[in-house]
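Please read the structure below before turning to the comments.
The values are calculated or read from the model by the stated rules, or taken from the named source; none is laboratory data. None of the values given here were measured: they were computed from a predicted structure. Cβ: placed from backbone, ideal geometry, glycine included. Neighbour counts: every protein chain shown.
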Amino acid sequence: MRALICKEYGPPETLVLGELPSPPLGAKDVRIRVRACGVNFPDLLIIQNKYQVKPQLPFAPGGEVAGEVLEVGSEVRRIRPGDKVMALTGYGGFAEEVVVDEHRVLPMPAGMDFVTAAGFTMVYGTTYHALVQRASIQAAETLVVLGAAGGVGLAAVELGKVFGARVIACAGSEEKLRTAREHGADELVDYRREDLKERIKALTDGKGADVCFDPVGGDAFDAMARSMNWNGRLLVIGFASGRIPQLPVNLPLLKGYQVVGVFWGAFVAREPETNRRNFAHLFELYAAGRIRPHVSHTYPLEQAARALDDLSARRAIGKIVVTIE
Ligand SMILES: NC(=O)c1ccc[n+]([C@@H]2O[C@H](COP(=O)([O-])OP(=O)(O)OC[C@H]3O[C@@H](n4cnc5c(N)ncnc54)[C@H](OP(=O)(O)O)[C@@H]3O)[C@@H](O)[C@H]2O)c1
């Protein structure tokens, strides 16, 4: 099968288009003909050997897909050949076929196309879990979203509004902030030009954020660690800036706030029922038009390395999806 292959660790330009053998099918597995594959930050990390999952070389990256089921293993009960599905693959999605455990596969909701479905699972699944199970966000709380026009960031802007929060979107360009506004943000901060800590102070009458959603880390985390309200929750989502920050723990003590880790993949494995309920609600919100997944670019498989390069150069807005004809 055709695939975008990582033969040696390195940046996106080291990936090559080629042939890989079709993966074998186990009793609990589903084989999917991939139609579209969402591009995510961990794809960038995995090809550079900087991610916790370390597949054997050569492999195809690509952590989430949408497509049609070709065949299922003898113990699979929920999914049938011909079903249209979305799935979390971890890697292997930038290829014509992928094999994945049934528990990581969801039927696509009616009315959703392959491109939207391929960019949906990771960002909305992570964000819903972060805001609901980890932050217990309440209506009228102030939610600060960093990287607010990125994949998880834009989903956090939308879901923050769904849960009735006042959303302050922080991003690094006018175009990104415009997109966050179109998806419901109440206030905008350009943290490449403005002082994040001062702006949050001004926008919250000196109180700070009730909830901060942080997929960026680095300097933005440092500023938010000094900008949290009493009883606040600072959600640690990721470190797209490249720096894992250190926290002086007197800050949460003095302000009476919590620093809360979010690891959606581990949550799915440990609490699959809760995750299924989350998705049932997410699909209702999608059907009602209350969340609007934003795919800014699609690339064919032949140009998938460019898609990853856009992400690493901070050019992506919302999701980028690779299509596989
Ligand atoms: N904890 C979990 O379960 C979980 C699940 C999914 C993703 N994540 C993590 O969340 C982070 C974001 O993922 P994503 O898929 O949303 O990525 P993304 O679409 O690329 O968004 C990341 C955002 O970070 C900002 N950023 C700041 N410095 C950057 C830099 N040096 N390079 C790239 N981006 C930079 C960018 O916004 P500005 O230019 O506006 O600053 C960008 O929009 C990643 O670290 C990922 O691993 C964690």
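Of the residues LEU254, LEU308, LEU285, the single one that is assigned by TED's automatic domain parsing to the domain that holds GLU96 and of a type outside the set (D, E, K, R) is LEU308. Within the stretch 45-83, the set of residues being among the small types (Gly, Ala, Ser) and touching a Ser or Thr at 6+ places or on another chain (Cβ under 7 Å) comprises GLY62, GLY63. Check ASP210, ASP214 and return the single one that is under 17 Å from THR127 (Cα atoms), away from the ligand (no atom under 16 Å from the Cβ) and either touching a residue at least 12 places away in the same chain (Cβ under 8 Å) or among the hydroxyl-bearing types (Ser, Thr, Tyr) (or both). From the options ASP210, ASP214, the qualifying one is ASP210.
Applying the condition of being among the charged types (D, E, K, R) and farther than 19 Å from PHE59 by Cβ to the stretch 99-127 and asking which residue is farthest from the chain's Cα centre (by Cα) yields GLU102. Taken across the stretch 202-218, residues that are over 20 Å from the mean Cα position of the chain (by Cα), assigned to a helix (DSSP H, G or I) and among the aliphatic types (A, V, I, L, M) do occur, with at least one present. In the stretch 158-173, the residue that is surrounded by the most Cβ atoms within 10 Å (Cβ to Cβ) out of those that are more than 16 Å from the ligand (Cβ to nearest atom) and on the phi < 0 side of the Ramachandran plot is ALA165. The residue of the stretch 253-298 that is nearest to LEU106 (Cα to Cα), among those that are touching a Gly at 6+ places or on another chain (Cβ under 8 Å), among the hydrophobic types (A, V, I, L, M, F, W, C) and surrounded by 16 or more Cβ atoms within 10 Å (Cβ to Cβ), is PHE279.
Within the stretch 241-248, is even one residue in contact with a strand residue (DSSP E or B) (Cβ under 8 Å, 6 or more places away or on another chain), assigned by TED's automatic domain parsing to the domain that holds HIS103 and either away from the ligand (no atom under 16 Å from the Cβ) or within 28 Å of ARG192 (Cβ to Cβ) (or both)? Scanning the stretch 241-248, I find no residue that is in contact with a strand residue (DSSP E or B) (Cβ under 8 Å, 6 or more places away or on another chain), assigned by TED's automatic domain parsing to the domain that holds HIS103 and either away from the ligand (no atom under 16 Å from the Cβ) or within 28 Å of ARG192 (Cβ to Cβ) (or both), so the answer is no.
Based on what the data block shows, is LEU154 more than 9 Å from the ligand (Cβ to nearest atom) and in contact with a strand residue (DSSP E or B) (Cβ under 9 Å, 6 or more places away or on another chain)? So LEU154 fails the test. Contact map, the stretch 127-152: first residue over 20 Å from ASN40 (Cα atoms) and assigned by TED's automatic domain parsing to the domain that holds GLU174, second residue of a type in the set (Phe, Trp, Tyr) and assigned to a helix (DSSP H, G or I), Cβ cut-off under 8 Å, separation 6 or more or different chains; pairs are GLN133/PHE267. Before we move on, is GLU96 more than 14 Å from the chain's Cα centre (by Cα), at pLDDT below 95 and not assigned by TED's automatic domain parsing to the domain that holds ALA223? For GLU96, the condition - more than 14 Å from the chain's Cα centre (by Cα), at pLDDT below 95 and not assigned by TED's automatic domain parsing to the domain that holds ALA223 - is not met. In summary, helices (runs of 4 or more DSSP H) completely within the stretch 240-325 and bearing 1 or more residues that are farther than 23 Å from CYS212 by Cβ occur at 264-270, 272-287, 304-312.
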